[in-house]
Amino acid sequence: MPWVEEKERIKKRIVSMRRRGCSISNIAETLEISPTKVHMVLAKSGMFFVRRRPGNNRRNDQIISMRRKGFTLGEIAKRLGVSSTTVHYVLTVLSHFPVAPGISKRTINRIFALRNRGASLREIGSAVELNFGTVGRILRQQRR
């Protein structure tokens with residue numbers, strides 16, 4: 001099958017060009033393929049990674065620092081004037097920082113006890129000092 005061999009040849013060429021320092025747009029133009037295809041080939045070969053943008057390092061460091069101090073994603077977003085999606089992206093993709101802190105077994109047991117007594121998610125959340133969405137997620141995960 002000649003087309004399979006051609007695809008493999010193009011993949012090898014993409015990887016070798018990237019190793020030589022060619023940009024993704026340069027590779028795409030040279031091989032007459034889309035930049036998205038170049039990204040996909042590099043990702044499958046393990047060569048593609050997310051770069052931190054130079055202008056955002058200070059902001060990203062602030063986000064990580066505030067999260068370590070216990071701020072919620074929403075609080076961080078409001079204080080820094082960015083979206084909560086940006087905060088989540090910085091914490092998970094760029095820094096591999098866990099967004100949700102570990103929740104103790106004791107807290108989980110308390111959540112179930114309050115739920116069995118008929119408390120709403122909001123009431124449980126305020127009792128255990130968690131967001132009601134987090135309480136709902138914990139209840140759904142534990143049922144599985």
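Selection within the range 24-48: residues that are assigned to a loop (DSSP other than H, G, I, E, B) and modelled with pLDDT of 85 or more. The member of this set that is surrounded by the most Cβ atoms within 10 Å (Cβ to Cβ) is Ile33.
Annotation note: of Arg51, Arg20, Arg58, Arg79, the sole residue that is loosely packed, with under 12 Cβ neighbours inside 10 Å, modelled with pLDDT of 85 or more and out of contact with any Leu (no Cβ under 7 Å at 6 or more places or on another chain) is Arg20.
The values are calculated or read from the model by the stated rules, or taken from the named source; none is laboratory data. Quantities reported herein were computed from a predicted structural model and do not represent experimental measurements. Because the Cβ atoms are built from the backbone with ideal geometry, glycine has one as well, and the counts that use them run over all protein chains shown.
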